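Please read the structure below before turning to the comments.
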Amino acid sequence: MSQQNQTSFRKVAECLYRNESSGAYYAFVKRNGRQIRRSLKTKDRKLAERRLKEFRGDADKLVSGGRNRMSFTQLGEIWKPVACSNLKKSSADRIGRCLRTLNTFFGERIVSSITMRDCEEWEVSRGKGIAASTFNKDAQVLKACLQYAVDRGMLLDNPSNVIKHRRITDKRIVIPTKEQFDKLCDTILSLDPRAREAFPLVKLLATSGMRLTEAINITWGEIDFDKDYFVVSGGEVGTKNRQVRTVPLFPAMKKFIESYYDTENTESDEYLFKFKSARKALDTACRIAKLPRFTHHCLRHYFVSNAIEKGIDFKTIANWIGHKDGGLLVAKTYGHLRDVHSHQMAKLMTE
């Protein structure tokens with residue numbers, strides 16, 4: 001032990017030390033060439049001895065040999081297939097992106113040598129200038145990956161537990177007005193032929209309330225024009241909550257589809273769209289028309305706001321758009337719209 005540690009700690013038994021200033025007991029053990037110190041969180045000598053025995057048993061479980069020299073990159077390659085075995089492709093892809101980012105900092109470091117200080121340094125460097133949600137996703141993957149190492153005896157404790165979750169502030173919802181939406185559609189239709197192909201997707205998102213991944217995976221066989229309903233399955237990707245839902249075929253949605261497509265000459269397994277995104281067309285149209293930057297998800301907001309203005313209750317809207325909370329999230333997210341609409345309607349009560 002260093003001279004500084006000798007002045008702070010007094011050895012009272014093998015591997016057992018007492019902090020002279022606080023009176024608390026600490027364990028000092030050496031495994032795989034590393035000295036490991038842990039607070040036993042007690043000032044009672046007998047309890048400290050029992051906890052020391054448990055701690056030494058845990059320390060003895062640390063593996064030696066090849067796995068003890070495993071790099072963080074190698075650990076990630078082993079952990080990812082296990083972590084992603086039951087996840088949707090989009091979630092697995094996100095974990096892969098997080099691991100690639102983490103590898104730029106931890107990549108070649110030996111897992112057994114990663115310390116809390118290393119994790120704190122990563123927290124400081126990674127946390128600069130990025131959204132709290134992005135940071136939290138990376139931190140979540142780091143913690144899960146290193147916990148995998150703990151569970152398999154490569155680490156005694158998870159050093160990344162020192163990283164604190166960052167608070168996420170609610171994002172401002174951007175909802176097109178009816179005038180803005182009409183202007184957006186007109187502008188898209190004025191673009192070159194390739195960009196104009198995005199128009200039906202934009203229109204469908206706004207009249208159905210579907211998420212992008214749900215809309216681009218819908219087939220003609222999932223739309224029943226006679227019984228007025230459509231099925232949202234998400235195709236091979238699936239819906240966000242993995243549940244298939246049946247939704248009424250809204251009049252505006254039905255009118256658009258029947259006017260834009262030749263619905264009599266379609267195959268049931270044929271997708272409505274052969275492309276996966278309208279982002280470029282949306283960005284271009286918003287720039288030309290000097291509109292706010294509307295995204296695919298803004299069109300979902302547009303659908304919900306229209307439903308609220310029609311007086312439809314939150315629970316029904318939630319069922320339509322695939323929320324399983326009975327309308328709580330819709331109420332939290334869009335409640336102010338109902339209040340505004342209510343006040344506007346109240347002005348009509350002049351007698």
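Please give, to one decimal in nm, the separation of the simple spin-label points placed at ALA24 and ARG69, each 7 Å out from Cα toward the Cβ.
With each label placed 7 Å out from Cα toward Cβ, I get 3.7 nm.
Going by average Cβ density within 10 Å per residue, which order do the peptides 270-279, 148-157 take, highest to lowest?
Descending mean neighbour count gives 148-157, 270-279.
How large, in Å, is region 123-254 by the Kirkwood hydrodynamic radius built from its alpha-carbon pairs?
Here the Kirkwood hydrodynamic radius works out to 19.1 Å.
So for the chain, taking the charge dipole from beta-carbon charges (+1 Lys/Arg, -1 Asp/Glu), which of VAL231, VAL141, LEU212 sits furthest toward the positive end?
Value computed over the given set: VAL141.
GNM, the chain, Cα, under 10 Å: largest mean-square fluctuation among THR42, THR134, THR295?
Among THR42, THR134, THR295, the largest GNM mean-square fluctuation belongs to THR42.
In debye, nearest 20: dipole of region 231-351 around its Cα centre with unit charges on the Cβ of K, R (+) and D, E (-)?
640 debye
Run the dipole for region 143-264 about the Cα centre, Lys and Arg Cβ at +1, Asp and Glu Cβ at -1, nothing else charged, and hand back the magnitude in debye, nearest 20.
900 debye
When only C-alpha pairs under 8 Å and at least 6 residues apart count, what is the relative contact order of the chain, in percent?
On the way: 413 pairs, mean separation 40.1, N = 351.
Answer for the chain is 11 percent.
Beta carbons within 10 angstrom, averaged per residue: use that to sort the peptides 136-144, 93-101, highest first.
Sorting 136-144, 93-101 by mean packing, highest first, produces 136-144, 93-101.
What ranking do 208-218, 47-57 get when scored by the average of other Cβ atoms within 10 Å per residue, highest first?
208-218, 47-57
Output the relative contact order of region 190-312, whole-number percent, from Cα pairs under 8 angstrom with separation of 6+ residues.
33 percent
Given +1 on the Cβ of Lys and Arg, -1 on the Cβ of Asp and Glu, and no further charges, what dipole in debye does the chain carry about its Cα centre, rounded to the nearest 20?
On the way: 63 positive and 41 negative charges, 491 e Å.
Roughly 2360 debye, rounded to the nearest 20.
Each value in this text was obtained by applying a stated rule to the coordinates, not by laboratory testing. As the structure is a prediction and not an experimental result, all values here were calculated from the model. Neighbour counts are summed over all protein chains in view; Cβ atoms, including those assigned to glycine, are modelled from backbone coordinates with ideal geometry.
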